[in-house]
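Here is the structure we will look at, set down as structure tokens.
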Amino acid sequence: MDLTIHPALSQWLTERGPTLYPLGVAVILLFLVSYLARPKLNADIPWLSGAIPRISTTLLYVNNMPGFFEQTKVALAKKGIVQFYLGPMKTYFVTGTNSVRAIFRSAKEVSSDSFFLIAQARIWDATKEDLAKFKNDKSGRLKVPLPGFENVPDKERYWAGMHEVMHRYLSRPNETHVLAMNYQRYLEERFDTKFPLHKAKQVGVFDFLRDDMGMATTTAFNGKKILDMFPNILDLLWEFEDTAPSLVWGLPKWLNRGPVGNRDRFSHAVQTYLKAARPEMERIRKEDKDWEPVFGSRYVRELVNWTYETDLAMKTRGGCIMVLTIFAYVFFLSSEYHQPLIFLVTFDGCSANANTIPIATWCVIELARSPALFAAVREEVATAYETDPATGKKTLNISTLLSLPLLQSVYAEILRLHVSLIVLRKIASPLSVAGYTLEKGASIQAATDIDHFDDNVWGSEGHPAREFWPERHVKTVDGKRQFVFAGSPYDFFPYGEFLSLSLSLSLWRAEKYSRDLFGWCTDS
């Protein structure tokens, strides 16, 4: 086929050729220089691929998380970073201390807000108006607003207000001590009524931990009023927990009736309780007790009050309280539950009582597997008991308990092996990771299922990373056994972000689990 040029166009090109040719060369050179000098966004980063581009990897991520991790680990072995599309979103998956550290940088570089909004919309079932409040708040989560947002009223700083309640009432030692003491008290009450000493009774371990520990935790955190109004609140909780992951994907209600129904029943119960408790809020806050039966702990009381001060709708309020208090103690699930729980990874350890049920169950399982380990832990925990000379009652010295090296090592190993968690952020500005510049708007993720099983970090001669080894974090220093963590902070993130809030929470949780589990074992 012949290509002809219109005579007028030919004449125009001829007349302007001397001017156009240099311009054309300059444009080509400009594009060439830009191409060669571009950040290494995609060139050398391995891709996760499948039979159908984009779709195959997304389906694997959604439907077969163990398979996704296996494929990802192979690709990560090359450069410690891979890229793929999760639906329409460009996504990077990383491993290694420095790369994981990048996920926890400042809000200027990475943000979890967009994923938190998914949780609020689909798990809390927040109203559109309340979602807009959070979406439009760009002032940050810290007490001091981000530059350019100094004039935002405190009432409209929704992220900062929520963060402040969690930080103040879940990380300060005096507050966590009160929570732990109340938890122990209510768990002991359950023991006294259901399991009297010197009377044998067959008990299913997980059922016991789920029901009795769950009841004690809910009482310590949320008080007795909600349990009096809804004795089946834990049944609603477990129904919700069983199907909550499928809510994340935002399927239409007619395709997801079961999970939506479970969420709505749970939320309705919480909303009904909150409406009944509202008239007592002012009096209770003035009294300022460590614990009272209507709202329970200060954490719940102040979180509920924050939802009123910010004028959140009742539906949003119910979702907030059911997720960040009652649901919190099953917030991260054992590694047997491989679901991509996007809504879970946005809270970074802010949950009130994460890991309780599955982690305590795994503690029991590992102790039952090894009579020698059980005897060693029991002997070690016995050194933390003190006897009240007046009453003769045994109590645990928490400072002593937290210094026990084997107990801490067992707990760390359980968390390392049995918490399955994906941490993800949205890149807010170009981010340098593993020698590459990752573009704004993409997602960056890391998984405990990969980093917690890295033999280069956790492996020891004769004890690969996949093995439960209770002595992994115990070292002898100057002839004394000490707890020495085997990895670095960013190799270990069972609560999301290891630092700040999660660190204090981990100490508190170790305190709780040690009392409820090993205290029970030593007194049996």
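Go through the range 72-85 and count every residue that is surrounded by fewer than 22 Cβ atoms within 10 Å (Cβ to Cβ), in contact with a strand residue (DSSP E or B) (Cβ under 7 Å, 6 or more places away or on another chain) and either among the acidic types (Asp, Glu) or in contact (Cβ under 8 Å) with a residue 40 or more places away in the chain (or both). So the count comes out to 2. Of all the residues that make up the range 147-181, how many are more than 19 Å from the chain's Cα centre (by Cα), crowded, with 17+ Cβ neighbours inside 10 Å and charged (D, E, K, R)? The number of residues fulfilling the criteria is 2. The single residue among 317, 278, 283, 265 that is crowded, with 18+ Cβ neighbours inside 10 Å and modelled with pLDDT of 95 or more turns out to be 317.
Would you check if there is a residue in the range 150-166 being under 26 Å from residue 402 (Cα atoms), in contact with a strand residue (DSSP E or B) (Cβ under 9 Å, 6 or more places away or on another chain) and at pLDDT 85 or above? The answer is no, given that none of the residues of the range 150-166 is under 26 Å from residue 402 (Cα atoms), in contact with a strand residue (DSSP E or B) (Cβ under 9 Å, 6 or more places away or on another chain) and at pLDDT 85 or above. Evaluated against (1) under 18 Å from residue 113 (Cβ atoms); (2) more than 22 Å from the chain's Cα centre (by Cα); (3) assigned to a helix (DSSP H, G or I), residue 144 falls short on exactly one condition, (3).
In the condition set (1) more than 30 Å from residue 479 (Cα to Cα); (2) polar (S, T, N, Q); (3) part of a helix (DSSP H, G or I), residue 445 is compliant with all but (3).
Looking only at residues of the range 384-403 that are among the aliphatic types (A, V, I, L, M) and touching a strand residue (DSSP E or B) at 6+ places or on another chain (Cβ under 8 Å), we find that the one that is farthest from residue 119 (Cα to Cα) is 384.
Evaluate the following for residue 218: is it part of a helix (DSSP H, G or I), at pLDDT below 95 and β-branched (Val, Ile, Thr)? In short, yes.
For first residues located in the range 95-108 and on the phi > 0 side of the Ramachandran plot, partners that are assigned to a loop (DSSP other than H, G, I, E, B) and of a type in the set (Ser, Thr, Tyr) and lie 6+ apart or on another chain with Cβ distances below 7 Å do not occur. On the given criteria, is residue 19 surrounded by 18 or more Cβ atoms within 10 Å (Cβ to Cβ), modelled with pLDDT under 90 and assigned to a helix (DSSP H, G or I)? The answer is no for residue 19. Taking the residues in the range 182-205 that are buried (at least 16 other Cβ atoms within 10 Å of the Cβ) and among the hydrophobic types (A, V, I, L, M, F, W, C) as candidates, determine which candidate is nearest to residue 219 (Cα to Cα). Top of the filtered list is 187.
Elements of the type strands (runs of 3 or more DSSP E) sitting completely within the range 376-436 and holding at least 3 residues that are farther than 30 Å from residue 109 by Cα: these cover 385-387, 394-396.
Among the residues of the range 416-448, the ones that are more than 22 Å from residue 114 (Cβ to Cβ), at pLDDT 90 or above and surrounded by 20 or more Cβ atoms within 10 Å (Cβ to Cβ) come to 2 in all. Looking at 138, 90 in this structure, which one is more than 24 Å from residue 240 (Cβ to Cβ) and either touching a helix residue (DSSP H, G or I) at 6+ places or on another chain (Cβ under 7 Å) or assigned to a loop (DSSP other than H, G, I, E, B) (or both)? Step by step, each of 138, 90 is checked, and only 138 is more than 24 Å from residue 240 (Cβ to Cβ) and either touching a helix residue (DSSP H, G or I) at 6+ places or on another chain (Cβ under 7 Å) or assigned to a loop (DSSP other than H, G, I, E, B) (or both). For the range 246-260, the candidate set comprises residues that are under 24 Å from the mean Cα position of the chain (by Cα) and closer than 25 Å to residue 231 by Cα; within that set, the residue that is surrounded by the most Cβ atoms within 10 Å (Cβ to Cβ) is 259.
The values are calculated or read from the model by the stated rules, or taken from the named source; none is laboratory data. Since this is a predicted model, take the numbers as computed values, not measurements. Cβ atoms come from the backbone with ideal geometry, glycine included; neighbour counts cover every protein chain shown.
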